[in-house]
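Student: I am attaching a structure below and will ask some questions about it afterwards.
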Amino acid sequence: MKGIVHKLHGLRSSLAHLGGFKLKRVAEPQAGHLIESRVIQSGGEMQLNNSAEAWFYHASEATRVHRWPDAPLFRLRDMWCVGDQGHLFFQDGTLFDRCPTVRCMPDRKVRRPIPTLSKTVTHPVLHLTGFSHDSHGHFILHHLPRLLACRDLLRAAPAAKILCAPGHSRWQMRYLRRLGFDESRVIEGTRGTLRLNEVWYVPWMAGTFKLVAPDLLRGLREAFVQPAAGAASVDSVPAGAPLFISRKDAPDKILANEEELVMATEKLFGGVEHIELGRFPMDEQVRAFRRAPLVIGALGQGLTNMIYTHAGRLVILERGTEPLATAAHSMFTMLTSVCGGEALPIFCQSAYSGPRRQWTFPVSKYVADMTRIRKRWFLCHA
C-alpha cells in the first residue's frame, strides 16, 4: 500500500508539471494558518580556530568567522504534509518554501498533496524531517538542532509529538532518547499526505560552514556523551591510539587502499584503532572518539562523530589539490573547532573508478603528510 500511495503522489505531481500547472510557493505563512512565530535561534558570529590548516598550507587565515542566522519557529494550523521529506502545503495547495532546502527543489520533484488519500494527525507535531533525513550526519547537524532548540517547548506540551520521516525513527531513536524523548513522543510520517491540525516548523538554521549556533552543537554533544542507563562512563577508558574511520561499509566513495593506509598509520604512531562505525552501538562510538588522540578518515558522514569529542584532533583525507573556504571538509574542520579541537584536510590527485566510485590515496603522500602532522601534534606513541 505504501508503494502505491507513493507512486500515486509521484504520478499526480508529474501530470501537474507536464500539464503546466505551476506549483505556487510562498516564503511567509498565509493568513489564517499562523498561530504563532518566534525566534528560536538568535543570529551571531564567532571566530573559530583554523591554525592547523593555516600551518600545514602556509596560509594566513588562522581563524575563520562562523556566522549563523536568526531562525524562526512557526506554529501553523491545518497544513498538508507530503512525502518522506515532509513538504508543508497550505490548504489551497501552495507550498511553504521558507526553508532554502525546499526553495531550491525543482517543482517537478516536489510531491503535491492528494487530500482524498490523506490521514489526519490531531495532536501538535514538531516537524523533524526534510533534506537528507536519511543521513546520520545531516540528521545530527541539521535536524536535531531544531529539536534541541524546541526541547523546552516540547517538555511543556506533553501531548505534542515529534514527526520523523517514514522508516527512519528506529535508528533516529538512539539520538532522540539522549535528548530526553522516548518512543511515546515519536510518530512517523508517510510517503503520501498527512493533514496536520498543528505543526511546529523550524526552517534551515545553519549558517557558514553549514553549521548552526555553537551553543546548540555543544548542547548536542553534552546530551550524546551521557551514557545510556546502566552503561559505563564514556570517559572511563584512557587515551589510546589514533582512530582510523573505515568506509568499507559506505555505499560509495570507497577508499580502495584503506588497509594500506591503516598499516602505515600503525607504523607511524605505534598503534591504530580501525573501526567500522555501523558495527558499534552509540556508547562505544562515543568512547572511541573521546579516547582517540587523533581521528583520521576520508570525507564522509562518519566524521560527524567529532561532535562527541572535546579538544580532539582530526585529519580528513580528500581528493583535490588544496583547501577552499567553501569546501565540504570545512563543515567537519569547523565542527571540530567548535568542540575545542583542531582539524585539517590532506589532499591527493585521484580519480573515481567503478560503480561505487572507489579512489586511492597514495601511501607515500599519506606518510609524508602524516609525518609532518605527527611532529606538530606530538602524537607518536612509539
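Derivation of every value follows stated rules applied to the coordinates shown; laboratory data play no part. Model, not experiment: these values are computed from the prediction. Note that we place each Cβ from the backbone using ideal geometry, even for glycine, and neighbour counts take in every protein chain shown.
Student: Which of 35, 307 comes first, and how do the rest follow, when ranked by fewest Cβ neighbours within 10 Å?
Tutor: Numbers: 35 14, 307 24.
If I rank by nearby Cβ atoms, fewest first, I get 35, 307.
Student: Per-residue HN-Hα couplings for the stretch 132-148, Karplus 6.51 cos²θ - 1.76 cosθ + 1.60 at θ = phi - 60°, whole Hz, x for Gly and Pro?
Tutor: 6, 5, 8, 9, 4, x, 5, 4, 5, 8, 10, 9, 4, x, 5, 5, 4
Student: Still on this structure, please answer the following. Helix-derived [θ] at 222 nm for the chain: sum -39500 (n - 2.57) over DSSP H runs of at least 4, divide by residue count, nearest 500? Spell out each step's value before the answer.
Tutor: On the way: 11 runs with 106 residues, N = 382.
Helices in the chain give a 222 nm mean residue ellipticity of -8000 deg cm²/dmol.
Student: Take the Cβ-Cβ distance between residue 18 and residue 351 as r, set R0 to 45 Å, and report the resulting FRET efficiency rounded to the nearest 0.05. Intermediate results must be reported in sequence, preceding the final value.
Tutor: Values: r = 38 Å, r/R0 = 0.85.
Efficiency, from the Cβ-Cβ distance: 0.75.
Student: How many nm separate the modelled label positions at residue 4 and residue 284, each set 7 Å beyond the Cα in the direction of the Cβ?
Tutor: Distance between label points: 4.3 nm.
Student: In whole Hz, with x marking every Gly and Pro, tabulate ³J(HN,Hα) for the stretch 73-83 from phi via Karplus 6.51 cos²θ - 1.76 cosθ + 1.60, θ = phi - 60°.
Tutor: 10, 9, 9, 10, 10, 6, 10, 8, 10, 10, x
Student: Same structure again: Summing Lys, Arg as +1 and Asp, Glu as -1, what charge do residues with Cβ under 14 Å from the Cβ of residue 352 carry, residue 352 excluded?
Tutor: Taking every other residue near residue 352 into account, the sum is +3.
Student: Let me have the relative contact order for the stretch 243-377, percent, based on Cα pairs under 8 Å that are six or more residues apart. Spell out each step's value before the answer.
Tutor: Working: 213 pairs, mean separation 36.4, N = 135.
Computed over the stretch 243-377, the figure is 27 percent.
Student: Give the shape of the stretch 69-128 as rounded, prolate or oblate, defined through the alpha-carbon gyration tensor: a ≥ b ≥ c are the square roots of its eigenvalues, a/c under 1.5 means rounded, and otherwise the shape is prolate if a/b is larger than b/c and oblate if not.
Tutor: Values: a/c = 1.94, a/b = 1.11, b/c = 1.75.
Because a/c hits 1.5 or more and a/b fails to exceed b/c, the stretch 69-128 counts as oblate.
Student: A further question on this structure: Quick one: if you stick a label point 7 Å off each Cα along the C-beta vector at residue 57 and residue 157, how many nm between them?
Tutor: That separation, rounded to one decimal, is 4.4 nm.
Student: So, one more: Given a cut-off of under 8 Å on Cα pairs at least six residues apart, what relative contact order in percent is computed for the chain? Don't jump to the answer; show the numbers that get you there.
Tutor: Working: 737 pairs, mean separation 62.3, N = 382.
Taking the mean separation of contacting Cα pairs over the length of the chain, I get 16 percent.
Student: Then there's this: Checking a compactness column here: for the stretch 243-377, what do you get for Rg(Cα) / (2.2 N^0.38 Å), N being the number of residues? Working shown, then result.
Tutor: Working: Rg = 13.9 Å, N = 135, 2.2 N^0.38 = 14.2 Å.
So the Cα radius of gyration is 0.98 times the expected 2.2 N^0.38 Å.
Student: Any aspartates and glutamates with Cα under 13 Å of the residue 365 Cα? List them, leaving off those in the same chain fewer than 8 positions away.
Tutor: 260, 318
Student: Along Cα→Cβ, 7 Å out, is where each label goes; now give me the distance between the ones at residue 182 and residue 170 in nm to one decimal.
Tutor: About 2.1 nm separates the two model spin labels.
Student: Provide Rg and Dmax in Å for the chain, with only Cα atoms included in the calculation.
Tutor: Using the Cα atoms of the chain, the pair Rg, Dmax is 22.4, 69 Å.
Student: When a/c reaches 1.5 or more, the comparison of a/b and b/c decides; with that in mind, is the stretch 1-153 rounded, prolate or oblate per its Cα gyration tensor?
Tutor: Details: a/c = 2.33, a/b = 1.77, b/c = 1.32.
Prolate is the answer for the stretch 1-153, as a/c is 1.5 or above and a/b outweighs b/c.
Student: Given charges of +1 on the Cβ of Lys and Arg and -1 on the Cβ of Asp and Glu, with all other atoms neutral, how large is the dipole of the chain about its Cα centre, in debye to the nearest 20?
Tutor: I would put it at about 880 debye.
Student: With +1 on each Lys and Arg Cβ and -1 on each Asp and Glu Cβ, and nothing else charged, work out how big the dipole of the stretch 25-161 is about its Cα centre, in Debye to the nearest 20. Can you show the working numbers first?
Tutor: Numbers: 17 positive and 13 negative charges, 84 e Å.
Result for the stretch 25-161 is approximately 400 debye, rounded to the nearest 20.
Student: Right, something else. Can you tell me how the stretch 136-211 classifies by the Cα gyration tensor, rounded, prolate or oblate, using a/c under 1.5 as the rounded cut? Each step should come with its number before you reach the end.
Tutor: Values: a/c = 1.33, a/b = 1.25, b/c = 1.07.
Rounded shape, in that the Cα axes give a/c under 1.5.
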